[in-house]
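Peer 1: I'd like to ask some things about the structure below.
Each reported figure results from applying straightforward, stated rules to the coordinates on display, with no laboratory input. Given the structure is predicted, the values throughout are model-derived calculations rather than measurements. As a convention, Cβ positions derive from the backbone with ideal geometry for all residues, glycine included, and neighbour counts pool all protein chains shown.
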Amino acid sequence: MKIFKNGRFFSNHWLNKRIPRQDEITLSHRHIFILPSRFGASYVGLCILLFVMATNFQNNLMLLLCYFLVGIFLLSLFRCYQNFVGLTLRIQSASPVFVGETVTIPLLIKAESTLGQIKMSINNQTAVFVNAGNSNITTAAKMLATYRGQTQCPRIKIESFYPLGLFHCWSMIASDQPLLVYPAPVKCPIPAADVTTLKQGETQSAPTQDKEEYYQLRPHQTGEPLHHIAWKQMAMGRGTLTKQFSGYSSQNIRLIVPNELTGLALEKHLSELTFIILILSQQQQPFSLQLGDKFFDADNTEWHSKVCLKALATWKQNDGI
Amino acid sequence: MASNRQQLLLTCCLLLSCIALFDVLLIWVSGLLIISGIIRISLLRHTQKHTITQRTLNLLAVLSLVVLFWYGWQIGLMNSMLNLLVLACAFKLIKLENHKDFLQLSLSTLFIIACGFMFYQQIIAVVFYSLLVIALLFALQSHFQPNRTLPDLSTELIKQISFAIPVSLLLFIALPHLPPLWQMPGMNQAQSGLSDTLNPGDLSRVAQSAELAFSAEFQQKLPTRTQLYWRAQVMEVFNGKQWSRHPYRLRQQQQLQFSQHYNPRVFGEHYRYSVVAQPTGMNLLYALDVATPVSDDVIANPSYQLTSKFPLVSTISYEVISWYQTPLDQASSFDLVLNLQLPPNGNPRARAFAKQLAANNPTVQQKIRAVLQYYKQQSFVYSLQPDVMPDNMVDTFLFEKKKGFCAHYAASMAYLLRLMGIPARVVTGYMGGENQSGNRINVYQFDAHAWVEAWHEDKGWVRYDPTAVVSPERLLYGLEQAVAYENSFLTEQPFSLMKFKSVRWLNQLRLAFAQMDYWWNSWVVGFNQRQQLSIISAIFGSATLTNIGLFTLGALGIILFIVAVYIWKNKPKSTSPVAVKYYLHALKILKKHGYQRQYSQGPEDYYQQIKTSSPLPVFNVFKRLHNNYMHYQYAGKPSMSPKRLKAELKQLKHVLRTSQS
């Protein structure tokens, strides 16, 4: 159906006004849309057919059956709505993912008087079904991340077909929390530490330094990263020691995204840098990142790599997801 | 697969609904369905793992379609459509895989069940079909609510049904019952009853059935038994073998449907009665003597015959006035010529016999008496098991066998009268009936009868029943007595309760069933505008247009009322106690005025926030609400009454408004 463009029945603007973004929502008449489902429409068609046949054959029993089915249909409307209203949902923040992975938006559903199946989907993608029934349910809506960047949490369509599938009650809910999607990592050689500028396509191969195991302990010097301290040994009372890794280099690697880079080339470069950052942070090697005018000073903490990844994700961000 | 339960139920529903349509479905179609049902069930029970491949299935489907197309011509459009649907369901059943298949199949099953009503309208059939519909709804429900237990689902379904039944009854009673919108292709049902031609052997076959033909309920008095000649159709053409209606009459009947009604001239006393007629697939209706219809869709015609505007595909009821003192004296010269027509040859002995009788008896009266006299004197026998008379039927019957059913007598007598120059015709219908309580007469198929009408210049068409001359028992007591000597009554239905009239309790049981059937047929199956208007008259005194409108609106109002009651009764109960409810309400009001409680804030933190950030009057009110809430949470009992809380909320709103302005 054409009107369900992008799986959305209504414009975003209108939706934002009608159902404001909020983390917790108790569904009320403002938030609920209800229409006969496709099955319901066929069911109505059957009722009409029965009515015509009953009239033409002057068959009262068929007419009675037709009215009975109409009664069931009518009741279904109320039951579907009544069952859905009062459902309380809490949307939790989704952890960042890479492009091509599945975004999981955790949901806590408080279904005090709701029964039947509840379906959750984003943009009509993979639907998740849960069975409600006087309980709290922890579940998640899922969606494929297709674009990098930081966006608003997409609207989650939450539906119910209770009780007979004749009606389709739904709401489009969204939280205020942002959704972060990093660029997809693309495998590439890790640049050497002394590389000063790293332009697109110029990643130079460096000596293999990807061994993860540490090979010795040496006394700690101030300034060295805290997470390299061998806490176990310190607890044993052997003093503050620092784990030294093979391939560990205190020299930092400079990663640069030139300002003039755009389009596919930029995307490719960002993906490669993402890969590099992932590897480097695994090896706990310090690196610095220059994104056009922005500069992130060298560091090797997890926080630093997260900040850098986020910066890569949001750099010259397109329309987003 | 978690959906086993509902799939199994759906399969059973489909199988049962088709088994109930056994007469209508082609044998191989039902066979195919049963096989696919067995395959489905064994797949569901995991006794079989391999389903049929799509390719085999497609091949089978094409083959079946070709065969069905071939036979479709013979069984009529409606029946072949139904067969086609069942066939499609059978294939779908094998490939029942996803959600969509399930829904499609359930709708088709619902339709097949509904089609069952076209063929069976007895109470027992309706009970059976209702159970099927309920089972189907149950399957649907458990499909959409897979995690619920059976008792849960049952209560839910019972709730829905108990809502839908009164609604459907109200709609049924209140909504106008429309006439057919257009002519539907005929259903080739196995109909019992009179046919539109009369082969002497046919009627004795009809008389083997104990099925109800119609019931008539008289308003005041009942006619005597010998007056109960229910005219159905007039046969005016004899071709030497069978009597039939003249094509001109059929055209006339069609014309009468569209032009204004024909009204016979009537006078004298009358009976007024309503008839509930069982479906026959034909337009024939039944009435006594000269009848004028009261119901709209009944048409009288110049043969003093009543017909329905539409074929009787389901039970209908109509109202008639019979003027039993009025002679049937209207006939055109065409009628008289038509009723003298004879086949050019055949039956030579009868021709000679008629010539001889005519020579001996000069007047019409004498001629007729002479013919009847012949039947009386020649030791004729009334029998339900007459011999077959393929050639020169009249000769064989009159001069050799002398044993026949009423049709033989009527056919031969009318032939003899025509040979003697007296316009005569055969009338078929029913004679007699069984008296029921409440001025009601039930007429069964075995009451089928045929007699003769002969034209007299002065009296018009006069009824002569040669059967009554031969077997007065038939006239006075009915068929059972008349054929008691040969034990041929209902030989094909050995267990019919009709045969046990002598056993008192069985007979009472039978009469009670008949009573129930009558009620069912007149108020449910045959319910139409007439009954609707009678209900309206009973409520409002008269059935004017305003009253009809009021009635319909009233019924719709009651439906809305039922809906409202239903919604109100099923309102989700607020589970939070009063103290919590009012506290949350207070938070909402405060939020509106800019004092929002953060997620991280507990009630105590929030209390502190209000204390520091809001004006004193606001805080004072909130303090009381807060204390009440805390008291409830920790002491388990609120310190304020709900009334007091309400007042506090009002106060809170007030102070917030004044403090901000």
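Peer 1: If you take the beta carbon distance between B:Asp296 and B:Trp70 as r and set R0 to 45 Å, what does 1/(1 + (r/R0)^6) give as a FRET efficiency, to the nearest 0.05?
Peer 2: According to the calculation, E is roughly 0.60.
Peer 1: Provide, in order from the shortest bin, the percent of all Cα-Cα pairs of chain B in each 10 Å bin, continuing until the bin that contains the maximum pair distance.
Peer 2: Bin by bin from 0 Å, the calculated values are 3, 12, 17, 17, 15, 11, 8, 6, 4, 3, 2, 1, 0, 0.
Peer 1: Highest mean first, how do B:634-640, B:408-414, B:7-13, B:112-118 rank when packing is the count of other Cβ atoms within 10 Å averaged over residues?
Peer 2: B:408-414, B:112-118, B:7-13, B:634-640
Peer 1: List the chymotrypsin sites (Phe, Trp or Tyr not before Pro) within segment B:480-535 that DSSP assigns to loop and that have no more than 12 neighbouring Cβ atoms inside 10 Å.
Peer 2: Sites meeting the loop and neighbour criteria: B:Phe495.
Peer 1: For each pair in A:Lys119/B:Lys95; B:Lys611/B:Lys643; A:Lys17/B:Lys569, compute the distance between the two Cα atoms and list the pairs where it is over 28 Å.
Peer 2: Distance filter (> 28 Å) returns A:Lys17/B:Lys569.
Peer 1: From the Cα trace of segment A:5-182, what convex hull volume per residue do you get, rounded to a whole Å³?
Peer 2: Working: hull volume 20.5 nm³, N = 178.
Cα convex hull per residue, to the nearest whole number: 115 Å³.
Peer 1: On to the next question. Give me the base-10 log of I(q)/I(0) for segment B:22-136 at each q in 0.11, 0.16, 0.19 Å⁻¹, Debye formula, one uniform scatterer per Cα, rounded to two decimals.
Peer 2: -0.40, -0.83, -1.12
Peer 1: How charged is the neighbourhood of B:Val298? Take every other residue with its Cβ under 14 Å from the Cβ of B:Val298, and add Lys/Arg as +1 and Asp/Glu as -1.
Peer 2: Residues close to B:Val298 contribute a combined charge of +1.
Peer 1: I'd like the per residue volume of the convex hull spanned by the Cα atoms of the protein assembly as shown, given in cubic angstrom.
Peer 2: Numbers: hull volume 294.2 nm³, N = 982.
In the protein assembly as shown, the Cα convex hull volume per residue is 300 Å³.
Peer 1: Starting from the alpha-carbon convex hull of segment B:578-660, give the projected area averaged over all orientations, in nm².
Peer 2: 4.9 nm²
Peer 1: Identify all lysines with a Cα-Cα distance to A:Lys306 below 20 Å; exclude those on the same chain that are fewer than 8 residues away in sequence.
Peer 2: A:Lys187, A:Lys268, A:Lys294, A:Lys316
Peer 1: Which percent of Cα-Cα pairs in segment B:361-433 sits in each 10 Å bin, short to long?
Peer 2: That works out to 18, 50, 29, 3, in percent per bin.
Peer 1: What FRET efficiency comes out for the pair B:Thr149/B:Asn4, r = Cβ-Cβ distance, R0 = 22 Å, nearest 0.05? Each step should come with its number before you reach the end.
Peer 2: Working: r = 15 Å, r/R0 = 0.68.
Efficiency for this residue pair is about 0.90.
Peer 1: Along segment B:80-85, what does the Karplus equation 6.51 cos²θ - 1.76 cosθ + 1.60 (θ = phi - 60°) give for ³J(HN,Hα), rounded to whole Hz, x for Gly and Pro?
Peer 2: Result, rounded to whole Hz: 6, 4, 5, 4, 4, 4.
Peer 1: Can you compute the label reach from B:Ala125? Point 7 Å from Cα along the Cβ direction, backbone N cut-off under 19 Å, restricted to segment B:265-309.
Peer 2: It comes to B:276-284, nothing else.
Peer 1: Moving to a separate point now. Given 0.36 nm per residue, what is the gain on full extension from B:Ala635 to B:Gln529 after removing their alpha carbon distance, in nm? Walk me through the numbers before you get to the answer.
Peer 2: Working: separation 106, 0.36 × 106 = 38.16 nm, distance 6.75 nm.
So the extension gain works out to 31.4 nm.
Peer 1: Also, quick follow-up: Sequence-distant or interchain residues sharing an amide H contact under 5 Å with B:Met282, placed H: which?
Peer 2: Excluding prolines and chain starts, which carry no amide H, the hits are B:Leu312.
Peer 1: What's the average, rounded to a whole number, of partner chain beta-carbon atoms within 10 Å of each residue's beta-carbon in A:46-58?
Peer 2: Partner Cβ neighbours, averaged per residue: 6.
Peer 1: Please enumerate, by chain and number, the aspartates and glutamates with C-alpha under 19 Å from the C-alpha of B:Lys367, excluding those fewer than 8 residues away in the same chain.
Peer 2: B:Asp395, B:Glu453, B:Glu457, B:Asp458, B:Asp465
Peer 1: Still on this structure, please answer the following. Between B:Ser437 and B:Gln330, how high is the FRET efficiency from 1/(1 + (r/R0)^6) when r is the Cβ-Cβ distance and R₀ = 35 Å? Nearest 0.05.
Peer 2: E(calc), rounded to 0.05, equals 0.40.
Peer 1: Give the order of B:Ser274, B:Ser130 when sorted by the count of other beta carbons within 10 angstrom, beginning with the fewest.
Peer 2: Least to most surrounded, the residues fall as B:Ser130, B:Ser274.
Peer 1: Take the residue pairs B:Lys49/B:Lys92; A:Lys157/B:Lys650; A:Lys157/B:Lys49; B:Lys581/B:Lys623 and return only those whose Cα atoms are more than 26 Å apart.
Peer 2: From the list (B:Lys49/B:Lys92; A:Lys157/B:Lys650; A:Lys157/B:Lys49; B:Lys581/B:Lys623), the Cα-Cα distance tops 26 Å for A:Lys157/B:Lys650; A:Lys157/B:Lys49.
Peer 1: Also: Subtracting the Cα-Cα distance from 0.36 nm times the residue separation, let me have the gained length for A:Ile137 to A:Gln22 in nm, one decimal.
Peer 2: Between A:Ile137 and A:Gln22, full extension yields 39.5 nm more.
Peer 1: To test your reading of the geometry: what angle, between 0 and 90 degrees and rounded to tens, separates the Cα axis of helix B:578-592 from the longest principal axis of chain B?
Peer 2: Approximately 70 degrees, to the nearest ten.
Peer 1: So, by mean Cβ neighbours within 10 angstrom, what's the order for B:429-440, B:134-145 with the highest one leading?
Peer 2: B:134-145, B:429-440
Peer 1: Sticking with this structure for a sec: List the lysines whose alpha-carbon lies under 23 Å from that of A:Lys232, not counting same-chain residues fewer than 8 positions away?
Peer 2: Straight-line reach from A:Lys232, under 23 Å: A:Lys211, A:Lys243.
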